[in-house]
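I have placed the structure first, in the form of structure tokens, so that the comments after it can refer back to it.
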Amino acid sequence: MSDLENFREETRYWLAQNCPPGARGVGQIPFGSRSIELEPDTALWLTRMADKGWTVPTWPKQYGGAELDRDQYTILIDELKRIEARTPLTGRGVNYIGPTILELGTDDQKQRWLPQIARGDGGWAMGYSEPGAGSDLASLATKAEKAGDNYIVNGRKSWTSDATHCDYIFVLVRTSPDKPKHEGISLVLVDMSQQGVQVEPIRLISGVSPFCETTFDNAIVPVNDVVGGVDRGWTAGKRLLQFERSTHAGINISGSQGGRTEESKIPQTVKSYVGMSAGRLADSALRDRLVRHDMNSHAQRVTQRRAIEESQARAPGFTSSAVKLTNALNIQEGDELVMAAMGSRGMAWSESQTATEDEIKTTQSFLYNKSLTIAGGTKEVQLNIIAKRVLGLPD
Ligand SMILES: Cc1cc2nc3c(=O)[nH]c(=O)nc-3n(C[C@H](O)[C@H](O)[C@H](O)COP(=O)(O)OP(=O)(O)OC[C@H]3O[C@@H](n4cnc5c(N)ncnc54)[C@H](O)[C@@H]3O)c2cc1C
């Protein structure tokens, strides 16, 4: 038996023994928040996987990982999927700031932050966007001024998802206002339990939302919590964005989620609404769209695998933008298809006598997924990156 076959067998055995029933199938997935209570099996699964180093399987052992190589990682993901085990830990800790610290942090930062992130001890929010800085992120105005061994942070960040349940936030701040705008930015780590950090949820037209606005009023950041160097935050911040985009794309192998793409349920759903005639989907126009979507989905899954295999790091660079964009467009295309098949049943927003719970969820996810071409950088921004950085077209 080859080493990899051995690894598969041992992994399969270990997972069968250690993955509790309540951690399989649809259910709770932790992102490290200390204020969200975990169900017993979710908590047990997280502890066992963290002890094994499999919440961050590719990280070095000294920082809480298991040092799996790419092939072993792929086997682990396959085996998790085989028994429908949920990922033990997700979020901006293991997927965004963790791998950024691993690549660009100091030894001290790695020792202080990474083992804690790997155990899911603390949820992380992301403080990039501001009222006047979205796509043009380098226009950000939140500032950090040095005072002895600390930086004092003042400003306002918008769309900080999940911030009400987070314990830490990584923030892009302006440390040198006199330098050209891309050169005076730093990436800092902020403890959200201090008085100088205030979080307000943002209500949307649909009611509750995970969005928040986070205000910094003389918030304190120790000087040794600047990641990637003072005034070097544009480089560190962009690398973090690649980790974010590759997570959206399913090709970030920092945590235990990369490559866990599910088989699409769309053909089944469409068939259940449109019906069959002579062994084929009754509506020929929808049939064409469904076939095209199925082919696109397959191509997307193969591309994700290839991107993981070809990347020399835990997430690729500019390729992330391309795979993130095609992933989002593919999901939206599938949603449109399901909506077309459902007709008026796809209009249900909240409980009604005619709509089932599944139908309401389908409509809500159709609406939510519209944000996939905005979050983590808009479709147009990704197209600009692909044009300039992947295709080498002139600025
Ligand atoms: C679900 C979701 C979660 C989010 N979570 C977070 C979070 O946790 N933390 C955080 O910091 N931010 C978060 N954001 C914010 C997100 O990063 C921004 O919405 C995004 O970067 C776009 O910025 P904007 O909304 O200011 O739009 P704008 O930048 O104002 O863009 C408006 C429109 O102009 C287009 N446009 C702008 N510039 C160009 C250009 N140069 N070329 C072509 N077209 C252009 C855009 O594509 C867009 O269509 C989240 C957003 C969403 C939808």
Signed unit charges on C-beta, dipole axis of the chain, positive-most listed residue Ala313, Pro99, Ala85: Ala313
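For region 218-293, compute the orientation-averaged projected area of the C-alpha convex hull (one quarter of its surface), in nm².
Details: hull surface 38.5 nm².
Dividing the Cα hull surface by four gives the mean projection, 9.6 nm².
Where in the chain are the helices, taken as whole DSSP H runs, whose Cα atoms extend 30 angstrom or more along the long axis and whose Kyte-Doolittle mean reaches at least 0.0? Mind dumping the intermediate values first?
Details: long enough: 284-310 (39 Å, -1.20); 319-342 (35 Å, 0.29).
For the chain, where a helix must reach 30 Å along its axis and average at least 0.0, the hits are 319-342.
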How big is the shadow of the Cα convex hull of the chain, averaged over all directions, in nm²? 22.5
Between region 277-292 and region 335-367, the alpha-carbon center distance in angstrom: 20
Too-long pairs where the Cα-Cα distance tops 20 Å, listed order kept, from Lys265/Lys379; Lys143/Lys179; Lys157/Lys370; Lys324/Lys379; Lys157/Lys388: Lys265/Lys379; Lys157/Lys370; Lys157/Lys388
Taking springs between alpha-carbon atoms closer than 10 angstrom, which of Gln364, Gln116, Gln268 fluctuates most in the Gaussian network model of the chain? Gln268
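Would you kindly state how much longer the chain becomes between Ala278 and Met1 on full extension, computed as 0.36 nm times their sequence separation minus their alpha carbon distance, in nm to one decimal? All intermediate terms of the calculation are to be shown ahead of the outcome.
Values: separation 277, 0.36 × 277 = 99.72 nm, distance 4.80 nm.
The Ala278-Met1 span can extend by a further 94.9 nm.
Only loop residues by DSSP count here, and only those with at most 11 other Cβ atoms within 10 Å; note down the chymotrypsin sites (Phe, Trp or Tyr not before Pro) in region 286-395 that meet that. Show your work: numbers first, answer last.
Working: sites: Phe318, Trp349, Phe366, Tyr368; in loops: Phe318, Trp349.
Of the chymotrypsin sites (Phe, Trp or Tyr not before Pro), the ones in loops of region 286-395 whose Cβ has at most 11 other Cβ atoms within 10 Å are Trp349.
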Take Glu200, project a point 7 Å from its Cα along the Cβ direction, then tell me which residues of region 159-190 have their backbone nitrogen under 19 Å from it. 159-166
For every helix of n ≥ 4 consecutive DSSP H residues, a contribution of -39,500 (n - 2.57) applies; sum these over the chain, divide by its total residues, and give [θ] at 222 nm rounded to the nearest 500 deg cm²/dmol. -13000 deg cm²/dmol
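Listing Met276, Met342, Met347 from the residue with the fewest other Cβ atoms within 10 Å to the one with the most, what is the order? Write down the numbers at each step before the final one.
On the way: Met276 10, Met342 21, Met347 13.
Exposure proxy ranking, most exposed first: Met276, Met347, Met342.
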Under the Debye formula (equal points on every Cα, no solvent term), log10 I(q)/I(0) of region 124-232 at q = 0.11, 0.18, 0.23 Å⁻¹: -0.31, -0.81, -1.27
GluC sites (Glu not before Pro), restricted to region 58-167: which are DSSP loop and have at most 16 other Cβ atoms within 10 Å? Glu67, Glu84
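Antiparallel DSSP bridges in the chain: what percent, to the nearest 5? Show your work: numbers first, answer last.
Working: 32 of 37 bridges.
That works out to approximately 85 percent antiparallel.
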Per-residue Cβ neighbour rank within 10 angstrom, fewest leading, Ser186, Ser2: Ser2, Ser186
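Compute the Rg/Rh shape ratio of region 3-102: radius of gyration over Kirkwood radius, all on alpha-carbon atoms. All intermediate terms of the calculation are to be shown ahead of the outcome.
Numbers: Rg = 13.3 Å, Rh = 13.9 Å.
My calculation of the ratio gives 0.95.
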Among Val221, Pro131, His165, the residue whose Cα sits farthest towards the positive end of the charge dipole of the chain (+1 at Cβ of Lys and Arg, -1 at Cβ of Asp and Glu, taken about the Cα centre) is Pro131
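Read the figures in this text as sums done on the coordinates, not as results from a lab. Keep in mind that this is a model prediction, so the values were computed, not measured. Glycine gets a Cβ as well: all are built from the backbone with ideal geometry, and neighbour counts include every protein chain shown.
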